[in-house]
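Single-structure report; data block below.
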Amino acid sequence: MNQESKSSSSGMGLGSVLFVVFLVLKLTDHIDWSWWWVTSPLWISGLIGVFVVLLVFLFQFMHDRKQERKHLEYMKKFPKIFKKKK
C-alpha cells in the first residue's frame, strides 16, 4: 500500500531551548547571571533574524539598481525608439 506520511516539526528551536536551560539555572541559583544574559538567546536570535531580513532587502535593492542601470544603458543606444511623444 502507498502510504503518505506528512510530518511537521513544531518543536523548540535552539534559542528557546537555551533560554529554558538558562532560566532553570537562574531560578535554581546555579548561575548568578544578569537577566539580560538569561534572555539573550531570545533577543540574539531575533536580532539575527532582523539582520538577515535587512541583508535580503539590501541585496534586492542592489539588484534592482543594477537592472535599472542596464535598462538606461539600453535606452541610450536607441534614443529615437524610446523618445517620449508629447
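The values are calculated or read from the model by the stated rules, or taken from the named source; none is laboratory data. Just so you know, these numbers come straight off a predicted model, no measurement behind them. Neighbour counts are summed over all protein chains in view; Cβ atoms, including those assigned to glycine, are modelled from backbone coordinates with ideal geometry.
Scanning region 29-66 for residues that are of a type in the set (Asp, Glu) and within 17 Å of PHE19 (Cα to Cα) yields ASP29, ASP32.
Here is a list: PHE22, PHE61, PHE82. Which entry is surrounded by 10 or more Cβ atoms within 10 Å (Cβ to Cβ) and either modelled with pLDDT under 90 or not in a helix (DSSP H, G or I) (or both)? Explain how you work it out, then say what you get.
Numbers: PHE22 fails: either modelled with pLDDT under 90 or not in a helix (DSSP H, G or I) (or both); PHE61 fails: either modelled with pLDDT under 90 or not in a helix (DSSP H, G or I) (or both).
Result of the check over PHE22, PHE61, PHE82: PHE82.
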